[in-house]
Amino acid sequence: MAENSERCVFCEIEDLLDTLRTLIESTAEALGESVPSGRDGGGGRARHGGSHARGKDGNRDDEDDCHRHHVHPHPRPCPPDPHCGECELETIVDGTLTVPPEKPDIERILRFNPTCRITHWEEVRPQGRRKIVVSGIVEIGVEYVAELPDQSVHFAHFLAPFHTFFLCRDEVHAVHCEVEYTHYELIDPRTISKLVLLHVWADH
């Protein structure tokens, strides 16, 4: 009887692990990240329709020049701090970008390069809790082939402001941001849909 109960417990644990893995894979697919397989040791990059992957030579295999996503490397490991995960957050900057009137229409996008910077932050203490209110800008450079007979290459520059906040128990000395993930899609020759996932954190 005890042996049967033990087997049932193992079955339940295996079911829970399968459920957890499904949730992780769903989250990773939404963010365009890969999840290594726990059963065969393999793995792969989660891909969406019209997205891109990297070939053996490190270059991108583009299936669709107007619909791409990219997961950026995360150069800053989480420090060995018991409060790590508290004084930081992830936030999304989305919406559309419109090509300036003086620029020609877009035939296809060659490069979509977002960077971020913090423009202002301050500490507020509503009800005694330390909150860090942050403002910043995502700068996006777009290099594209124009919808012209000569198919000349042009560059457009865009600014997208963002505002957010997070809690932090400790005194904050500086606030930083980095781009973790980007997705863009050419809606029409003058409109680009964008989604940029930012990681914002504090030195404390």
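What follows draws every value from the coordinates through simple rules; no lab data is involved. Bear in mind that the values here come from a model prediction, so they are computed numbers and not experimental data. In this analysis, Cβ positions are derived from the backbone assuming ideal geometry, glycine residues included, and neighbour counts consider all displayed protein chains.
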Number of positions in region 136-170 that are closer than 23 Å to ALA202 by Cα, of a type in the set (Asp, Glu) and either buried (at least 17 other Cβ atoms within 10 Å of the Cβ) or without any contact (Cβ under 8 Å) to a residue 40 or more places away in the chain (or both): 1
Enumeration of residues in region 123-143 that are under 24 Å from LEU197 (Cβ atoms) and more than 22 Å from the chain's Cα centre (by Cα): LYS131
Residue within region 172-193 that is free of Cβ contacts under 8 Å to residues at least 12 places away in the same chain and either farther than 25 Å from ARG111 by Cβ or loosely packed, with under 14 Cβ neighbours inside 10 Å (or both) present: yes
